[in-house]
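The values are calculated or read from the model by the stated rules, or taken from the named source; none is laboratory data. All of these numbers come straight from a predicted model, not from anything done at the bench. Here Cβ is always computed from backbone atoms with ideal geometry, including for glycine, and neighbour counts include all displayed protein chains. In case anyone asks, the SASA skips ligands and DNA or RNA and just uses the protein heavy atoms, side chains included. Shrake-Rupley method; radii C 1.70, N 1.55, O 1.52, S 1.80 Å.
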Amino acid sequence: MGLNYYQIKKNVRKARKLVIKATSNAGSGHPGGSFSMAEIMGCIFFKHLRFDPKNPQWDQRDKLILSKGHASPGLFSNMALAGYFDASELDTLRQFGSRLQGHPDLKCPGVEFCGGSLGIGLSFSIGSALAARLDGKQTRIYTVMGDGETDEGQVWEAAMSASKYKVDNLTAILDRNFIQQDSYTEKVMPLDEELVGDDLSEMWKDASRWKVGDKWRSFGWNVIEIDGHRIEQVDSAIKKAAQTKGAPSIIIARTIKGKGVEHMEDNPKWHGQAPKKEFVPIIEMELDSQSMIAPSIIAGDMTNLENEVKRCVAGRADYIHLDVMDGEFVPNKTFDHTKIKELRPLTVIPFDTHLMINNPVRHVRDYVDAGSDIVTVHAEVCDAASFGEICDILSANQVGVGLAINPDTDLPEWSKQFIPRLDQIIVMSVVPGRSGQKYIESTHEKMHRLNQILSEHRFDGCIEADGGVTLDNIGACFVDGARAFVGGSAIIGQQDVRGIIREFRHKIAHARRKMLIQKAFDLGGKDLVAKWIDLHIIGEKKNLISQIAKELGYV
Ligand code: DX5
Ligand code: ZN
């Protein structure tokens with residue numbers, strides 16, 4: 001299908017919501033493992049897998065084998081988004097007679113493997129890969145395995161065979177979420193190192209203790225280790241695996257079970273339990289409110305932007321915000337596409353290119369070629385014709401489409417027809433031109449008006465707050481509806497980029513928890529607030545959430 005990064009992200013969010021809806025409706029199912037593999041599945045389905053939902057048996061198709069079949073809601077939700085069936089069919093999950101069972105079944109067109117009896121998906125995949133090779137087909141096999149199921153001896157027999165027969169048209173992906181049915185993998189059957197205490201977080205933080213990659217390497221596999229919730233890393237790993245000849249590849253994707261819903265994260269209880277219906281609207285709101293941090297490198301050393309990019313990488317930024325200024329649209333000049341092209345090989349983190357230039361339609365192709373993941377142009381220098389052309393160029397190249405407005409600009413009339421196509425809107429909260437200015441307070445008010453217009457026009461993208469965002473106002477920007485946050489002087493201007501990004505994330509988490517508690521209260525008063533708090537049992541979360549509820553007067 002070849003969607004851009006932002007569209008894949010959007011589908012991942014939608015798929016997670018479908019999983020919640022389907023499992024809560026069924027009253028049972030496996031949300032935890034569906035969520036740990038959500039980005040993996042989104043990236044396979046909407047970027048790499050060759051398939052035809054109208055012709056599921058197309059003989060040149062690739063095959064996705066879900067070996068960890070219990071995570072079937074995570075498969076079905078993506079199949080629905082991909083067009084195999086209508087999303088409403090997910091309401092029949094696990095019902096007698098439904099095509100969508102608790103474990104995938106071949107009676108559902110598009111399902112390639114009856115997964116769920118764990119430990120056999122890899123053997124089946126190797127057979128399929130060898131058959132495709134014999135038939136001279138281009139078919140690639142993607143096999144998603146759970147970490148718990150690799151306790152099975154059959155997995156390691158399969159690993160040996162794949163290596164002996166040089167099965168290089170197979171990409172295995174290990175969803176390494178550290179949790180299996182009853183407990184943490186390192187307690188049940190250590191893959192890395194035996195977990196003696198209860199503190200899984202220690203294991204998590206210390207990558208030097210992760211050994212499972214060595215096991216696969218010793219079996220002759222090409223091993224690629226990534227953060228399985230970073231779409232750009234999943235994408236790049238899948239590409240690398242496909243380029244590797246003469247050996248099978250496995251992507252070890254470090255993930256979090258239940259990722260995306262705070263109370264489910266890292267909690268073995270959510271391996272196989274459905275959320276209660278009363279929580280569904282709150283969880284949906286939580287899934288819709290994920291946030292991204294985008295440091296702006298012009299706030300750093302302009303003579304060494306390479307180093308600024310490296311600081312963003314070390315700081316675990318979500319995006320890298322690239323402010324292009326031409327000395328005409330704004331008085332300053334920064335850099336152009338040639339610099340972006342030079343920076344591109346340094347990281348796979350998405351490049352969030354913000355063009356503060358005149359006549360963007362003339363230059364947009366250069367910024368596509370330079371490797372931008374999204375290009376945002378200013379409404380002040382576009383009209384319907386030129387912006388339409390920009391949208392077409394970006395879409396044809398799988399690059400995200402962004403529109404920016406200055407503090408004194410309202411969304412122009414001509415732009416409204418494009419709103420459903422936008423991946424991002426940048427709302428400038430300083431007069432563009434340089435970093436280090438003060439946030440213009442009236443932006444908050446403007447955001448309220450803007451939200452109204454955006455929802456009327458079916459906006460499905462992300463609002464990015466840009467200019468003067470700090471630790472003091474990021475919470476308010478979140479409440480305004482922004483979900484991506486540019487940080488120039490407040491992030492790149494600081495010594496410890498990683499530390500400050502972490503603080504930014506804490507502030508956002510606080511604002512988000514507050515919003516969710518408010519939602520719980522609106523839906524079910526103090527009673528539901530208390531139940532919501534009680535769901536949060538792992539780590540510090542419960543105390544933090546109780547504290548917020550207390551401040552709001554809801555406990
Ligand atoms: C302003 C740019 C912003 C700016 C952000 O013209 O678009 O991205 O550099 O820097 P701070 O966060 O310092 O305002
Ligand atoms: Zn910017």
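Is segment 387-403 home to any residue that is under 21 Å from Ile357 (Cα atoms), within 16 Å of ligand 2 (Cβ to nearest atom) and touching a Pro at 6+ places or on another chain (Cβ under 6 Å)? No, because not a single residue in segment 387-403 is under 21 Å from Ile357 (Cα atoms), within 16 Å of ligand 2 (Cβ to nearest atom) and touching a Pro at 6+ places or on another chain (Cβ under 6 Å).
Of all residues in segment 474-503, those that are open to solvent by less than 20 Å² (accessible area, probe 1.4 Å), within 16 Å of ligand 2 (Cβ to nearest atom) and of a type outside the set (A, V, I, L, M) total 4. The listed residues are Ser489, Ser442, and the only one of them that is among the small types (Gly, Ala, Ser) and more than 27 Å from the chain's Cα centre (by Cα) turns out to be Ser442.
Taking residues in segment 77-94 that are in the same structural domain as Arg13 (by TED's automatic domain parsing) and over 21 Å from Lys9 (Cα atoms), and partners anywhere that are open to solvent by 10 Å² or more (accessible area, probe 1.4 Å) and assigned to a helix (DSSP H, G or I), the pairs with Cβ atoms closer than 6 Å and at least 6 places apart or on different chains are Asp91/Asn25; Leu93/Ala26; Arg94/Ala26.
Summed over segment 525-543, the residues that are surrounded by fewer than 17 Cβ atoms within 10 Å (Cβ to Cβ) and of a type outside the set (Lys, Arg) give a count of 8. Exactly one residue among Val212, Val261 is open to solvent by less than 60 Å² (accessible area, probe 1.4 Å), β-branched (Val, Ile, Thr) and within 22 Å of Lys507 (Cα to Cα), and that residue is Val261. Inside segment 325-363, can you point out the residues that are of a type in the set (A, V, I, L, M), within 15 Å of ligand 2 (Cβ to nearest atom) and not in a helix (DSSP H, G or I)? Met325, Val330, Leu355, Met356, Ile357, listed by residue number. Quick one: is Gly524 within 20 Å of the chain's Cα centre (by Cα) and more than 16 Å from ligand 2 (Cβ to nearest atom)? No.
Taking strands (runs of 3 or more DSSP E) as the structural unit, those lying wholly within segment 364-462 and holding at least 3 residues that are under 23 Å from Asp288 (Cβ atoms) and open to solvent by less than 10 Å² (accessible area, probe 1.4 Å) correspond to 400-405, 424-428.
Within the group Ala241, Ala247, Ala317, which residue is crowded, with 21+ Cβ neighbours inside 10 Å and more than 16 Å from ligand 2 (Cβ to nearest atom)? If you could, list the steps in order and put the result at the bottom.
Numbers: Ala247 fails: crowded, with 21+ Cβ neighbours inside 10 Å; Ala317 fails: more than 16 Å from ligand 2 (Cβ to nearest atom).
Step by step, each of Ala241, Ala247, Ala317 is checked, and only Ala241 is crowded, with 21+ Cβ neighbours inside 10 Å and more than 16 Å from ligand 2 (Cβ to nearest atom).
Inside segment 410-424, can you point out the residues that are in contact with a strand residue (DSSP E or B) (Cβ under 8 Å, 6 or more places away or on another chain) and without any contact (Cβ under 8 Å) to a residue 40 or more places away in the chain? Give the derivation first.
Narrowing segment 410-424 to residues in contact with a strand residue (DSSP E or B) (Cβ under 8 Å, 6 or more places away or on another chain): 411, 415, 418, 421-424.
Passing the criteria: Ser415, Phe418, Arg421, Leu422.
Looking across segment 472-515, the residues that are in contact with a helix residue (DSSP H, G or I) (Cβ under 6 Å, 6 or more places away or on another chain), without any contact (Cβ under 8 Å) to a residue 60 or more places away in the chain and not in a helix (DSSP H, G or I) come down to Gly481, Gln494. Given the criteria in a helix (DSSP H, G or I) and either surrounded by fewer than 15 Cβ atoms within 10 Å (Cβ to Cβ) or touching a strand residue (DSSP E or B) at 6+ places or on another chain (Cβ under 8 Å) (or both), does Ala80 qualify? No: the conditions fail for Ala80.
Restricting Asp235, Asp227 to those that are touching a Cys at 6+ places or on another chain (Cβ under 6 Å) and either assigned by TED's automatic domain parsing to the domain that holds Asp175 or open to solvent by less than 10 Å² (accessible area, probe 1.4 Å) (or both) reduces the list to Asp235. Can you tell me which residues in segment 429-453 are within 16 Å of ligand 1 (Cβ to nearest atom) and without any contact (Cβ under 8 Å) to a residue 24 or more places away in the chain? Listed by number, the list holds a single entry, Glu441.
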